[in-house]
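First up is the structure itself, then whatever we jot down about it.
The values are calculated or read from the model by the stated rules, or taken from the named source; none is laboratory data. The shown structure was predicted, so the numbers you read here are calculated from the model rather than taken from an experiment. Here the Cβ positions follow ideal geometry from the backbone for every residue, glycine too, while neighbour counts run over all protein chains shown. Keep in mind that these areas ignore ligands, DNA and RNA; they rest on the heavy atoms of the full protein, side chains included. Shrake-Rupley method; radii C 1.70, N 1.55, O 1.52, S 1.80 Å.
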Amino acid sequence: GLPISWSLQLGSFRKEENATRLRQSLRDRDYRSYILSGDAGDDLYRVYVGPMVNKEKLQKAQAEIEAAFELSGQIIRYRIEDDQYQLGG
């Protein structure tokens with residue numbers, strides 16, 4: 001019964017500190033962001049912006065982030081089940 005939400009996946013890192021650094025940079029610019037670790041059965045740390053219910057707002061944020069950080073991301077459907085893999089902070 002939850003609404004469909006979306007997240008923007010921006011990067012995958014082998015080192016936790018690299019993912020944490022990107023997450024902090026995003027937060028410094030007021031983007032709500034989080035890290036999932038090991039969510040695909042691997043040792044990667046994936047950085048996301050979101051989740052957002054309004055996909056169009058996320059697409060606007062995606063364009064802003066691409067310009068500010070020179071990162072291209074992929075919008076994916078947010079899965080609450082993945083929260084178990086969320087890295088604290």
Relative counts (whole %) of C-alpha pair distances in the chain, using bins that are 5 Å wide | 3, 15, 27, 27, 18, 9, 2, 0
Heavy-atom surface of the chain, accessible at 1.4 Å and reported per residue (Å²) = 63
May I ask for the net charge around residue 63, where only other residues with Cβ less than 12 Å from the Cβ of residue 63 are counted and Lys, Arg are +1 while Asp, Glu are -1?
-> -1
